[in-house]
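The values are calculated or read from the model by the stated rules, or taken from the named source; none is laboratory data. Worth saying up front: this structure is predicted, and the values here are computed from it rather than measured. Cβ atoms come from the backbone with ideal geometry, glycine included; neighbour counts cover every protein chain shown. Please note that ligands, DNA and RNA were not included when accessible areas were found on the heavy atoms of the full protein model with its side chains. Shrake-Rupley method; radii C 1.70, N 1.55, O 1.52, S 1.80 Å.
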Amino acid sequence: MDRYLVFGHPVRHSKSPFIHTLFARQTQQELEYGLAEPAVDEFAQALRTFFDQGGKGCNVTVPFKEQAFTMVDCLSPRAKRAGAVNTIKLTDDGVLLGDNTDGAGLVADLKSHGVTLADSRILLLGAGGAARGALAPLLAELPSELVIANRTHTKAQQLAAEFHDLGPVTAQTYEQLAGPFDLVINSTSASLQGELPPLAPALIHTDIAIYDMMYGASDTAFISWAKQHGARQTMDGLGMLVEQAAEAFTVWRGIRPGTKQVLRELKRNLGVI
Ligand code: ATR
């Protein structure tokens, strides 16, 4: 049977096996999907061994995405732009193809929630790997403006400069931000520690859409905060997780699984509904 897995550390709580098993069942594809948690300095060897032993493809998550980028034989344009690889496919010719489906997953999830990106003013919080992966797919939707704000301002400036050829992207400090924004995307890891990015509450209004790439069984700190300040449309990163997985599955199998039912089952599994 064709074998796939996700590399990460830690990865035990990953929902990818659950998601891909449901995709496989739905599309009647015969495959198995497991977990691999190599020591941080043993990822390269573990990846080679997996493909030497007949593995067909894998996902790569924290903290290995940047290292995976350096290990594949060729990169998709979106992986090259993201500077990170979250999906690897062994092609029929024996080539290891590195791709990045995170940004496409974000955009697909935003659209499935009815969020309009064209001509919108988008505020992207954070300038780490997650922000980098999102920028090209977001700019491809032709927003009127995309502002990056980050605690360490120089990192936001660097990102804005790097993606400037793709659209109207600028960097501002949290203090400089002036609304109204149509959409705020939190790509920071602040919610992991229950912390908040230092965003002025005045930037939140009833018609704004709020997206936190993090997720949990209950609202993230950022989503709770945004709701308190009047945001009516809030979304967490669970949909993005399923959509990026669907995109990876499509890369591997050439068939696109539906995501709605799988997202519902995942929410049930997590105890969210
Ligand atoms: P990832 O790959 O998930 O993006 P990362 O590259 O470590 O992770 O980036 C984390 C991002 O969250 C950074 O933009 C970080 O800001 P700094 O560049 O200033 O470190 C941001 N971040 C983390 N904790 C934060 C907090 N409490 N408030 C604001 N930003 C935070």
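What to note about this one:
- Residues being among the small types (Gly, Ala, Ser) and either buried (at least 18 other Cβ atoms within 10 Å of the Cβ) or in contact (Cβ under 8 Å) with a residue 60 or more places away in the chain (or both) - total across the range 16-34: 2
- Residue match in the range 32-52 (condition: closer than 22 Å to Lys260 by Cα and modelled with pLDDT of 95 or more): yes
- Condition met for Asp99 (under 27 Å from Gly258 (Cβ atoms) and modelled with pLDDT under 95): no
- Within the range 194-218, if we keep just the residues that are among the acidic types (Asp, Glu) and surrounded by fewer than 17 Cβ atoms within 10 Å (Cβ to Cβ), the residue that is farthest from the ligand (Cβ to nearest atom) turns out to be Asp207.
- Any hit, the range 197-216, residues being closer than 28 Å to Arg81 by Cα and free of Cβ contacts under 8 Å to residues at least 24 places away in the same chain: no
- Annotation note: of Ser191, Ser187, the sole residue that is small (Gly, Ala, Ser), within 16 Å of the ligand (Cβ to nearest atom), open to solvent by 10 Å² or more (accessible area, probe 1.4 Å) and closer than 12 Å to Leu106 by Cβ is Ser187.
- Any chance Pro10 is free of Cβ contacts under 8 Å to residues at least 40 places away in the same chain and within 16 Å of the ligand (Cβ to nearest atom): yes
- Cβ-Cβ under 7 Å pairs, at least 6 apart or on other chains, the range 254-267 side closer than 17 Å to Gly114 by Cα and surrounded by 16 or more Cβ atoms within 10 Å (Cβ to Cβ), far side modelled with pLDDT of 95 or more and not hydroxyl-bearing (Ser, Thr, Tyr): Thr259/Val242; Thr259/Glu243; Thr259/Ala246; Leu263/Leu238; Leu263/Gly239; Leu263/Val242
- Subset tally (residues that are farther than 18 Å from Thr101 by Cβ and open to solvent by less than 40 Å² (accessible area, probe 1.4 Å)) for the range 40-51: 5
- Residues of the range 6-15 satisfying the condition of being open to solvent by 20 Å² or more (accessible area, probe 1.4 Å) and more than 15 Å from the chain's Cα centre (by Cα): His9, Pro10, Arg12, His13
- In the range 155-184, of all residues being near the ligand (Cβ under 9 Å from one of its atoms) and open to solvent by 10 Å² or more (accessible area, probe 1.4 Å), the one that is farthest from Leu135 (Cα to Cα) corresponds to Tyr174.
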